[in-house]
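Structure record follows, encoded as structure tokens.
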Amino acid sequence: MNQFEFDQLLEKYLNGECTPEEIAFVEQWSENMLSIASAPLSASEQQNLEKQLWERIQQSIGIKPFKWKIWAMAATVLICVGLALKWYAWQDSPEQLIRQSIATSNWGVIDLTNHSSTVQKVTLEDGSVVQLNPNSTISYPEHFGQKTRTVYLKGEAFFNIKRNPAKPFVVHTGDLVTEVLGTSFTIKSYENSKSIEVLVRTGKVSVYERKNVEKQKRNGVILTPNQKVVFVKDSRKIIPSLVEEPVVIVPPVQLTQFIFEETPLAQVLQHLKQAYMIDFEVESDAFENCVFTGDLNELPLHTQLDLVCKAVNANYEQRGTVIFLYGTGCK
């Protein structure tokens, strides 16, 4: 329900023109708002919000300013204003984003908490699968909306999302939003943690701070496989990096693809780049004539790099999402 539709519903409610279903909806909405809203408002905040609300009500239903006190005497109006004060204080919270996405339906929100000591599998109606870690909670609608598939996470979970270009999958975790079409990724968002992490296994993920700004001005990044982002809550910095243990994304057609015989270093790094979808950079021309011979099959990336670097007198370090090789090179 958008703001215009809400104003229309409020007008009908004030005029006593709501259907039984609409009255039930407003009453249920008001109960939810009061039960969920937790941020107390000071007297000055309440006064300012009430003034803003009356201005909006007057504009939407055509009440002239000199008549508003008469309307204020109606108990229903006072109730609506009180409830709306709570709603305005709470409407930008992540929880509201979930409920707002299903406000036009007659279905509710499912709040599922994993109280066990093992990972719990949750299958959503679109076929997406969520692996919910212990002491974590996921909130999602019984039926997704027509434009997006929106969920809210507290804690940690691995998402394997069924691809649907027409309906992006959006995960809200505090002040961070993760948006995908179809991919797999992990989110770590614990309330007591100083940061939020998003780690991508497959596909591309858009991660950005939840703010009411234009898309072009959002504080965010695009992540690809084996990349992650850390959102520092206090400083509100988004720091891209690589996952601790990168995995092969594009498996070699043959195992011999990771067996090298007098292979130029540039070609070795190209193979690794294609397999892990990670960028490699060499900082010196000293490696131009270096070659590598060895079997790197069934080894983790960091072990593979250790062997390659030892063979060509190099070291490596991670800078953001890129791995740099440096050193004296081949003699």
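The values are calculated or read from the model by the stated rules, or taken from the named source; none is laboratory data. This structure is a prediction, so every number in the text was calculated from the model and none was measured. No Cβ is skipped: glycine too gets one built from the backbone with ideal geometry, and neighbour counts run over all protein chains shown. Just so you know, the surface numbers come from the protein's heavy atoms only, side chains and all, with ligands and any DNA or RNA stripped out. Shrake-Rupley method; radii C 1.70, N 1.55, O 1.52, S 1.80 Å.
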Exercise for the section: Inspect the range 142-159 for any residue being within 28 Å of G108 (Cβ to Cβ), assigned to a loop (DSSP other than H, G, I, E, B) and within 15 Å of the chain's Cα centre (by Cα) and give the result as yes or no. Expected result: yes
Exercise for the section: Please indicate, with yes or no, whether at least one residue in the range 144-151 is open to solvent by less than 10 Å² (accessible area, probe 1.4 Å) and under 16 Å from V221 (Cα atoms). Expected result: no
Problem - Selection count, the range 267-292, where residues are surrounded by 13 or more Cβ atoms within 10 Å (Cβ to Cβ) and within 12 Å of V308 (Cβ to Cβ) - result: 10
Exercise for the section: Inspect the range 306-323 for any residue being at pLDDT below 90 and touching a strand residue (DSSP E or B) at 6+ places or on another chain (Cβ under 6 Å) and give the result as yes or no. Expected result: yes
Exercise for the section: Could you tell me which numbered condition E298 fails, if it satisfies all but one of (1) open to solvent by 20 Å² or more (accessible area, probe 1.4 Å); (2) under 18 Å from V243 (Cβ atoms)? Expected result: (2)
Exercise for the section: State the number of residues belonging to the range 162-180 that are open to solvent by less than 10 Å² (accessible area, probe 1.4 Å) and either part of a loop (DSSP other than H, G, I, E, B) or not β-branched (V, I, T) (or both). Expected result: 2
Completion exercise
When every residue in the range 315-331 that is within 17 Å of E262 (Cα to Cα) and surrounded by 13 or more Cβ atoms within 10 Å (Cβ to Cβ) is compared, the one farthest from the chain's Cα centre (by Cα) is C330
Completion exercise
Within the range 274-293, restricting to residues that are modelled with pLDDT of 90 or more and touching a strand residue (DSSP E or B) at 6+ places or on another chain (Cβ under 6 Å), the one that is nearest to T224 (Cα to Cα) is D279
Completion exercise
Among (1) closer than 24 Å to G108 by Cα; (2) outside any loop (DSSP other than H, G, I, E, B), F185 falls short only on (1)
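Please verify whether Q120 is surrounded by 17 or more Cβ atoms within 10 Å (Cβ to Cβ), more than 12 Å from the chain's Cα centre (by Cα) and touching a residue at least 12 places away in the same chain (Cβ under 8 Å), treating the condition exactly as stated. Break it down into steps so the answer makes sense when it comes.
Values: surrounded by 17 or more Cβ atoms within 10 Å (Cβ to Cβ): yes; more than 12 Å from the chain's Cα centre (by Cα): yes; touching a residue at least 12 places away in the same chain (Cβ under 8 Å): yes.
So Q120 passes the test.
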Exercise for the section: Report the residue count in the range 245-263 for those that are open to solvent by less than 60 Å² (accessible area, probe 1.4 Å) and at pLDDT 90 or above. Expected result: 3
